[in-house]
1. Heavy atoms only, probe 1.4 Å: what % of the accessible area of the chain goes to carbon and sulfur, would you let me know?
2. Note down the magnitude of the dipole of segment 1-141 about its Cα centre, charges +1 on Lys and Arg C-beta and -1 on Asp and Glu C-beta and zero elsewhere, to the nearest 20 debye.
3. May I ask for the distance between the Cα centers of segment 73-137 and segment 1-54, given as a whole number of Å?
4. Given +1 on the Cβ of Lys and Arg, -1 on the Cβ of Asp and Glu, and no further charges, what dipole in debye does segment 211-295 carry about its Cα centre, rounded to the nearest 20?
5. In degrees between 0 and 90, to the nearest 10, how far off the longest principal axis of the chain does helix 2-23 point, with axes built from Cα atoms?
6. Which peptide among 174-183, 267-276 comes first, and what is the full order, when sorted by highest mean count of other Cβ atoms within 10 Å?
7. In terms of modelled amide H atoms, which long-range or inter-chain residues lie less than 5 Å from the amide H of Ser162?
8. Which whole-Hz couplings ³J(HN,Hα) result when phi for each residue of segment 105-120 is put into the Karplus expression 6.51 cos²θ - 1.76 cosθ + 1.60, θ = phi - 60°, listed in order with x for Gly and Pro?
Amino acid sequence: QKCACEFLGVFVLVFTVVCQSLSGAAFGATSIACSLMVMIYATGPISGGHLNPAVSFALALSEKMKWSEVPVYWITQLMAGILAGFMACSLFTDTVDVAPKDTYSGWHAYLAETLYTFMLCFVVLNAAGSKRNNSPTDGNNFFALAIGFVIIAGGNAVGRVSGAAFNPAVAIGLDLSSHQKGVGNGFLWTLFELVGAGIAAAIYRDVRPEDYGNQTDFDTYKPAWHTKLVSEFLGVFFLVLTVGLNLCNGSAVTAWSAAAALMCMIYSLGDVSGAHFNPAVTLACMASGRDLINT
């Protein structure tokens, strides 16, 4: 059942990616984000709704899934991505090449994939994997929305840099299905996506230490100052990065992409630092006199 869910979810995602890329339809990143979101909601209760080998890797590093399950998930996800890539390309008699876009170099693309795969995995860990933010006894209903909106943020920010895969199943599926144009970049994309996933797992342990202590510590836990500062740094970093990249690449939906970045980071880190991500918000919280922030 888990493998069937992962296969179906990845297949729908990659099929949507190829169709959007080749049709040139408007709001492509939003369409892809919505397909990811609904498949996570559909498959999450059964398989966890990873739908991404980098996500499975980050979850295993964070002790959120068994390492023995990782190879099975990876094989299933990659098979689905490759099949979806070939089937979608056959509809258009064209392919989607995995390569740096426009005037960007390979290293620009590698950095783009690393950063936004980090963001994606970090949001997954915080919105879906956190014991406090998504309690097993009182889970949230926004986890898939937050995860999907990373694609809106990153897809519009770096789609014109790397193609915005953020997922080895997407990168390899598109790379092999476009073999006429050369094969290899998909595997390089995968390497840097896994690096991003690994960094996300490491920083998750810093912002969510309560997940790794005993139950008594968990019940009385309050985030330390350095944890709150890391949280605020990450939120502001990805907000400003997303705005800047949208503007540099001439995006027509900068506000939409920036709003998506802000929303998913607030959902991820709101219970850590309050997720202000804005000096004006911090000042307003302090001036309200409701003890929303220590002075």
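1. Reported share for carbon and sulfur atoms: 66 percent.
2. Values: 6 positive and 8 negative charges, 77 e Å.
Magnitude of the dipole: close to 380 debye.
3. That distance is 10 Å.
4. On the way: 3 positive and 6 negative charges, 57 e Å.
Charge dipole of segment 211-295: 280 debye, to the nearest 20.
5. 70 degrees
6. Ranked from most to least packed, the peptides come out as 267-276, 174-183.
7. Lys101
8. 8, x, 5, 4, 5, 4, 5, 4, 5, 5, 5, 7, 6, 4, 4, 4
The values are calculated or read from the model by the stated rules, or taken from the named source; none is laboratory data. Only a predicted model underlies this, so the values are computations on that prediction, with no experimental measurement involved. A quick note on method: Cβ atoms are made from the backbone with ideal geometry, for glycine too, and the neighbour counts reach across all protein chains shown. Surface accessibility is based on the protein's heavy atoms, side chains included, excluding ligands, DNA and RNA. Shrake-Rupley method; radii C 1.70, N 1.55, O 1.52, S 1.80 Å.
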